[in-house]
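Notes follow once the structure below has been shown.
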Amino acid sequence: MVDPLKKAAAAAAIDYIKDGMKLGIGTGSTADAFVHFLADKIRGGLNITGVPTSERTARLCRKLNVPLTTLEETPHLDLTIDGADEVDANLSLIKGGGGALLREKIVANASDRMIVVADDSKLVKTLGAFDLPIEVNRFGLTATRIAIENEARNLGLSGSITLRMSGEDQFITDGEHFILDASFGRIPDPQKLSDRLLGIPGVVEHGLFIGIAKVAILAGASGIQIMTAS
């Protein structure tokens, strides 16, 4: 069962959807709730076309008869609605707990704007309490992990960096990569860390979303809070 606060945030996001939109559709439990609300609107006559950020989301959309396209067919989108694992006051995010961070970032960057939906427990003063997912090439995994550890150390960051597993096997992303989860605890300068990580050849992408989200819809016990990027 989806948490009521996640459902409330997802329901509030429906107000931002306009007829005829080309829509990026995110991944995760809050995004799943959004897809159900979106499907209800479509049954009521709303006309949209969606680009899913994961195979998981694509399967749910097909099950609920949400019309889909691809970025190859529709490379420019009006809006992306997606969840987040952490949100700070600047609307910088950590995403990728579900393993879809690469496609999520591609879809968000192909959109005019991104709206984040979450419960208010995801709002933090400083990013990093949630493990930072780093999508990496399967080739050279150990060398890539050592390079990440070295860059983190140079920035004063410490903590374990572990290979994500799915049962007995390595977790494989939709892009057929591995994910390393970095437990830094606190990331004072997300932009600097982003730049350092992307300078490592084996790093495909990371879960820091900086300067991408324009609006955050956060649901709490006292209601809905709307945050906008400055």
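Estimated from helices alone, the mean residue ellipticity of the chain at 222 nm is -8500 deg cm²/dmol (sum of -39500 (n - 2.57) over DSSP H runs with n ≥ 4, per residue). For the pair THR126 and HIS36 in one chain, pulling the backbone fully straight at 0.36 nm per residue adds 29.2 nm over the alpha carbon distance. Here the Gaussian network model covers the chain, with springs between Cα atoms less than 10 Å apart; of LEU101, LEU23, LEU155, LEU155 fluctuates the most. Applying 1/(1 + (r/R0)^6) with r as the Cβ-Cβ distance of PHE171 and ARG62 and R0 = 22 angstrom yields a FRET efficiency of 0.40. Among THR126, THR70, THR144, the residue with the largest mean-square fluctuation in a Gaussian network model of the chain, with springs joining Cα atoms closer than 10 Å, is THR70.
Rg of the Cα atoms in the chain, relative to 2.2 N^0.38 Å, amounts to 1.00. Comparing SER158, SER166, SER194 in a Gaussian network model of the chain, where Cα atoms under 10 Å apart are tied by springs, the biggest mean-square fluctuation is seen for SER166. Residues LYS125, LYS95, sorted by accessible area with the largest first, give LYS125, LYS95 [1.4 Å probe; ligands and nucleic acids excluded].
In order along the range 168-179, the Karplus-derived 3J(HN,Hα) couplings, from 6.51 cos²θ - 1.76 cosθ + 1.60 at θ = phi - 60°, round to 8, 10, 5, 5, 10, 6, 4, x, 6, 10, 8, 10 Hz, and Gly and Pro are given as x.
For GLN225 and ASN154, the difference between the fully extended length at 0.36 nm per residue and the C-alpha to C-alpha distance is 21.9 nm.
Beyond 22 Å, what share of the Cα-Cα pairs of the range 103-217 remains, rounded to the nearest whole percent? Everything past 22 Å amounts to 36 percent. Computed with a 1.4 Å probe over protein heavy atoms only, the accessible surface of the chain comes to 46 Å² per residue. Charge dipole of the chain (Cα centre as origin; +1 on each Lys and Arg Cβ, -1 on each Asp and Glu Cβ, all else neutral): 240 debye, rounded to the nearest 20.
Note on the range 1-61: with charges restricted to the Cβ of Lys and Arg (+1) and Asp and Glu (-1), its dipole about the Cα centre is near 80 debye.
The values are calculated or read from the model by the stated rules, or taken from the named source; none is laboratory data. Fair warning: this is a prediction, and the values are worked out from it, not measured in the lab. Because the Cβ atoms are built from the backbone with ideal geometry, glycine has one as well, and the counts that use them run over all protein chains shown. When the accessible area is computed, the model is the full protein with side chains, heavy atoms only, and any ligands, DNA or RNA have been set aside. Shrake-Rupley method; radii C 1.70, N 1.55, O 1.52, S 1.80 Å.
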